[in-house]
Each structure stands twice: as C-alpha cells, then as structure tokens.
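*Asks:* Starting off with a structure, shown below.
We did not get these values from a lab; they are worked out from the coordinates using the rules stated. Predicted model, so just to flag it, every value in this text is computed and none were measured. Heads up, the Cβs are rebuilt from the backbone with ideal geometry, glycines too, and the neighbour counts pull from every protein chain shown.
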Amino acid sequence: MRRLTGAAGVAWWVAFGLACVLNLYGLYAPSEPGPVLSFSYADKLAHFATFASVAWTGGRAGVPVRWLAGILVLNAVGSEIVQGTLMAQREGDPFDVLADVVGITLGLALARAGRRFAARESAVTRRSAGTDGSAAEDLPARDGGDARTTAPDAGS
C-alpha cells in the first residue's frame, strides 16, 4: 500500500491520531463518557462509529490493513474484558465487540474505496496533463518521425 505524503498525508495521520484518542477515551474512561442518550442501542452506535472512524482514517493514512484490523479487533475484545473485570462502573458486553467489528469492517471498506477513487483520479489527472508519457506516445509523428506511427499525408 502506498502511503500518502504531503499535506494530505499529514491530515490523514492527524485525523487517525484524533480518532484513536477518542476511541481509547470512550473505551477506557472510568464511567461512560458523553451525554446520556435516551434511545436504544446508543452504546452500540457509539462503538460502531468510533471503531469505523479509526479504521477509516488509519486505512486512508496508509497504516497496513492487516495490522490495523488485527490491533483494532484485539482492542475491541480487550476493552470489553477490561470493562467487565477491572472497571467497577462499566460492564463488558459481547454485543459491543460485534458492533466494533462491524465498524472496523465498514471503515476499512470505505478506506479502500477512497484509496481506489483517489488513485483513479490521480491517474486521470496525470494522463490529461501528459505527465505519465501516454499522451505523448499516442500522438502521430508529423515531422520525420517513425514511419510506423506516422499517418500518411494526403499530398504524398
């Protein structure tokens, strides 16, 4: 996988770092962070969203997908074990792990789609600018170039 460089690369790494901090805070805070949400499965939605954001931004930043997925799944399982055994005001829930894994899967899929789209756009831009060499090779030689690529003149 090609890592991003320049301003775009820095932006994705910053976004990835922020997503990691928010994810870890949400998982390991002594009590459940944030406002009390009054709808069912709000906790599952939060798990899904934080893991999806870490996977998406990490994938876009260029973190190797296998490492990223593996570490995120270990964090999903480990956080529920820690919440269930070491944190008095929290409890572990296997369905949180399921929400985490679904978020990881969607985040990585979106990152992959974004990388493919960016690569395709970059190729189109290079091709239209003639910087990849393809545009110059497609033009026929008119002034003594190779006879195999030169169109015959009507007057000859």
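*Asks:* Fewest to most neighbouring Cβ within 10 Å: what's the order for Ile81, Ile71?
*Replies:* Details: Ile81 11, Ile71 14.
Least crowded to most crowded, the residues run Ile81, Ile71.
*Asks:* Just to confirm the filter: which GluC sites (Glu not before Pro) across segment 48-125 are DSSP coil and have at most 13 other Cβ within 10 angstrom of their Cβ?
*Replies:* Working: sites: Glu80, Glu91, Glu121; in loops: Glu91.
Loop-located and lightly packed - Glu91.
*Asks:* At 0.36 nm per residue, and after removing the present C-alpha to C-alpha distance, how many nm does the segment from Ala129 to Leu45 gain when stretched out fully? Before the final figure, lay out each step's value.
*Replies:* On the way: separation 84, 0.36 × 84 = 30.24 nm, distance 4.44 nm.
Full extension of this stretch gives 25.8 nm more.
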